[in-house]
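For reference, the structure discussed in these notes is given below.
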Amino acid sequence: MKFKRYISPQFVSALNELYKSEAGRSWRALLGDPDIFLAIRDNAIKAFYRGCTLATLRLDAGEVRARTHYRYLLRPSSRSPYIDSRFGRFQPSWQYDGVVEDVSDTDKLKRAARPYSGANKKLAGRIAPHNANIFDTEIALTPRAERDDRSSRRLDLAALTGDGGACELGFYCVRKLASPDLEESGGKFPVVEQLAKLERRLQKHAGDLTSAFAQEATILAALDRISPRRKEAASKIIAAGAAFRISTKPILIVGGTEFGQKGKARAKRRLVELKQAIGEARLIWAENAGGFRN
């Protein structure tokens, strides 16, 4: 798989101009929503919310266009979930109050997306927008992972550490404590093999990944109105130059209190077993989104 993090200078310029125009309401809304993470992809920008792609932006014939899956356009708060027909023909969607009509209505898009976001994605989605060192999310290393949003096939987060010559991008898999991936079966944890597979892929594509993320940094630096913390992270990567590197050992972030007060002993036992299986240095406990530290 060719790993790319690139949009053309023409696309960057079109987005910057769009922000200033009356037609740029949707782009301004995506940029201004603190829960939405904008990620550079191959000739596209994806707007992620809790693992769901609310919109994919592309440049088409000089015009910025957004594409959204229809399931994120169905408003949960509609007056009625039913659509009437007349003489067998359904009424046009714009006459139905259950359809989100504009990408700028990010609150409604997010509400529609929540039922499709699993527990692991919800936790990762809470971490990503609110931690300054998060540089990317939903990182797919294979074509299949690009098409499939299941956590086990993607790295949930990429976070930056260090400055200048010590600048490194680390990768993280996020799991809730009660996730089946963390259930021991036959003396093994599924998440351990998942981490091993991801590590092998990171090692295999390390050169392409390093170049792609360095290129993404230059694009973020050129985009107007991207959050200051994303700009700062991009600046660190650019300043590091050839010294910028990636880590090929993904780290597991575990969070959640699903077992409740009575399950504290069970939760503690599971964490101890996980640390023994993958090593203490490769496990971070995040009881809530604010507890994540890189």
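What follows draws every value from the coordinates through simple rules; no lab data is involved. Here the structure is a predicted model, which means the values were calculated and not measured. For neighbour counting, all protein chains shown are included, and Cβ atoms are generated from backbone atoms with ideal geometry for every residue, glycine included.
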Determine which aspartates and glutamates satisfy two conditions relative to residue 231: a Cα distance under 18 Å, and not lying fewer than 8 residues away in the same chain. 33, 35, 136, 163, 168, 216
If packing is taken as the average count of other Cβ atoms within 10 Å, what order do 195-206, 136-147 fall into, highest mean first? 136-147, 195-206
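Kindly identify region 118-294 as rounded, prolate or oblate by the Cα gyration tensor criterion: order the square roots of the eigenvalues as a ≥ b ≥ c, call it rounded if a/c is under 1.5, otherwise compare a/b with b/c, prolate if a/b is larger, else oblate.
On the way: a/c = 2.03, a/b = 1.66, b/c = 1.22.
Note, shape of region 118-294 comes out prolate.
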Set of lysines with alpha-carbon distance to residue 268 below 17 Å, sequence-local pairs under 8 removed: 176
Suppose a student asked you for the relative contact order of region 118-294, using Cα pairs under 8 Å spaced at least 6 residues apart; what percent would you report? 27 percent
For residue 20, give me every one of the lysines with a C-alpha distance below 18 angstrom, ignoring sequence neighbours fewer than eight places off in its own chain. none
Computed label-point distance, nm, for sites residue 193 and residue 142 using a 7 Å Cα→Cβ extension: 1.2 nm
Could you list, in their original order, any pairs among 46/108; 122/275; 108/236 whose Cα atoms are separated by more than 29 Å? 108/236
Using alpha-carbon positions, the gyration tensor of region 203-252 gives root eigenvalues a ≥ b ≥ c; with a/c under 1.5 called rounded, otherwise prolate if a/b exceeds b/c, else oblate, the class is prolate
Could I have the simple spin-label model distance between residue 235 and residue 275, label points 7 Å from Cα toward Cβ, reported in nm to one decimal? 3.8 nm
If you project the alpha carbons of region 177-265 onto the principal axes, what extent comes out on each, in Å, largest first? 50, 32, 17
